[in-house]
Amino acid sequence: MKAPELDLLEGVEMTNTTEEFSSEQVARTIAAAAIDKKAIEPVIIDVRGKCDYADYLVVCSGRSDRHVDGIATGIDNEVVDMRTCISTEGMANGQWVLLDYGDVIVHVFNGQKRNEYNIEGLWKDAERVHIDVPPELRLTDESYDEPLQF
C-alpha cells in the first residue's frame, strides 16, 4: 500500500536540477547575477577536494544593507531553475547574507564585514575561477585595508 502523499506525485515527471547544471555553471551564473546587481568584486573560490560541504564559494559585497539584500534576492531569482536554496541566513539585517545551494555557497557582505570574516583569506590557497568583473566593480587589496568608501 502506497502512502497517500505519494499518490499526489503519480504521473508527475520529476527532474533533478542539480544534475542538469554543474556546480561551476551555477557558481558562474551566481557571479553574473551579482555583477548584474552591481555587487562589488565578486570572486569564485574553487574548494573542490578541500572541504566536504561545497565545491565553490562565491563572495561579493554590497554598498548598503538594502544593496546586500537586493544582490542576494537577484542571485536567488537567477538560479531558481538551476538549484534550490537549501538555507538562507542574514536577510533580516543585510550585513552578511549566506545562500546555501548545496554545492555552491554564496556570501554577500555589507562593506567592511567582508574584511572582518575574511573568507577569501581563509581560502587563500584555493584556486580562483576567472570571471570578468567590470572595472567600476573592482577593488584592490589596499581598498580592504581601510574602511570601504562608497
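Evaluating Thr18 against the criteria (1) outside any strand (DSSP E or B); (2) more than 13 Å from Leu99 (Cβ to Cβ); (3) in contact with a Lys or Arg (Cβ under 9 Å, 6 or more places away or on another chain); (4) modelled with pLDDT of 95 or more leaves one unmet condition, (4). If we scan the stretch 137-144, do we find a residue that is surrounded by 15 or more Cβ atoms within 10 Å (Cβ to Cβ), at pLDDT below 90 and of a type outside the set (Gly, Ala, Ser)? Yes, that holds for at least one residue.
Taking the stretch 54-68 as the search range and keeping residues that are in a helix (DSSP H, G or I) and in contact with a strand residue (DSSP E or B) (Cβ under 7 Å, 6 or more places away or on another chain), which one is surrounded by the most Cβ atoms within 10 Å (Cβ to Cβ)?
Val68
Please go through the stretch 103-117 and give me each residue that is more than 14 Å from His67 (Cα to Cα) and at pLDDT 95 or above, ordered by number. Hits for the stretch 103-117 are Asp103, Val104, Ile105, Val106. If you go through the stretch 98-132 and pick out every residue that is under 21 Å from Arg63 (Cα atoms), under 12 Å from the mean Cα position of the chain (by Cα) and either surrounded by fewer than 17 Cβ atoms within 10 Å (Cβ to Cβ) or of a type in the set (A, V, I, L, M) (or both), you end up with 5.
Of all residues in the stretch 73-97 being hydrophobic (A, V, I, L, M, F, W, C), without any contact (Cβ under 8 Å) to a residue 40 or more places away in the chain and outside any loop (DSSP other than H, G, I, E, B), which is surrounded by the most Cβ atoms within 10 Å (Cβ to Cβ)?
Of the residues in the stretch 73-97, the ones hydrophobic (A, V, I, L, M, F, W, C) are 75, 79-80, 82, 85-86, 91-92, 96-97.
Imposing the further condition that a residue be without any contact (Cβ under 8 Å) to a residue 40 or more places away in the chain reduces the set to 80, 85-86, 91-92, 96-97.
Narrowing further to those that are outside any loop (DSSP other than H, G, I, E, B): 96-97.
Details: Trp96: 18, Val97: 25.
Among those that are hydrophobic (A, V, I, L, M, F, W, C), without any contact (Cβ under 8 Å) to a residue 40 or more places away in the chain and outside any loop (DSSP other than H, G, I, E, B), it is Val97.
Of the residues in the stretch 42-53, not one is surrounded by 19 or more Cβ atoms within 10 Å (Cβ to Cβ), in contact with a helix residue (DSSP H, G or I) (Cβ under 8 Å, 6 or more places away or on another chain) and not in a strand (DSSP E or B).
The values are calculated or read from the model by the stated rules, or taken from the named source; none is laboratory data. Keep in mind the model is a prediction, meaning the values are calculated, not measured. Using ideal geometry, Cβ is built from the backbone for each residue, glycine included, and neighbour counts are taken over all protein chains shown.
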